[in-house]
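First comes the structure, then the notes that go with it.
Bear in mind that the values in this text are calculations on the coordinates, not laboratory data. Only a predicted model underlies this, so the values are computations on that prediction, with no experimental measurement involved. Counting neighbours? That spans all protein chains shown, and the Cβs are built from the backbone with ideal geometry, glycine included.
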Amino acid sequence: MTSPARRRDVAGATTVEFALALLVYLMLLLGIVDFARMLFTWNAASEVARYGARYAAVCDDTTKQADVLARMQLLLPQVQTISVNWLPASCTSATCQGVSVGITGMNYQWISPIAGALAPLIPMPQFSTYLPREAMRQDPNSGAICP
């Protein structure tokens, strides 16, 4: 038969072991969730660049880079800096052959406490895409894409 003091020591040791194991488990779980968020953000940035190029190619916004950025930010608010290049340079809606849209300067913010303290911001690569010119302001599939 064990003494009451011995039972308290065992219960206290069990509580400490549980707390340490829970800490390791939660760090691992948050790391997995954070890594999944980073992959989601990476994929979303790639799709947002494609969407911005589509909007620019269909809507003839050769001088309205801010409109393209605003459309892209509806899908991914972290996008702050974009580049829109019409090819060939200085073309009009009648002479443009395509558009290239790129996202630059985007950073990923960790939510995990340990990773967030060690590397608060992770710079993401540049995302860019090119689309050929379409019927400017006349999308055959939808009339609602351009304002």
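Debye-formula intensities of segment 4-132, expressed as log10 I(q)/I(0) at q = 0.10, 0.12 Å⁻¹, are -0.48, -0.59 (one equal scatterer per alpha-carbon, no solvent). Less than 5 angstrom separates the built amide H of MET124 from those of MET106, ASN107, TYR108, all sequence-distant by 5 or more or on a different chain. Taking trypsin sites (Lys or Arg not before Pro) across segment 14-123, the ones in a DSSP loop with at most 16 further Cβ atoms lying within 10 angstrom of their Cβ are LYS64.
Under 5 Å between amide hydrogens, built in the peptide plane, is the criterion, and for GLY98 it picks out LEU87, ARG133 among residues at least 5 positions away or on other chains.
The 3J(HN,Hα) values that the Karplus relation (6.51, -1.76, 1.60; θ = phi - 60°) gives for segment 18-27 are, in residue order, 4, 5, 5, 5, 5, 4, 5, 4, 5, 5 Hz. Gly and Pro appear as x.
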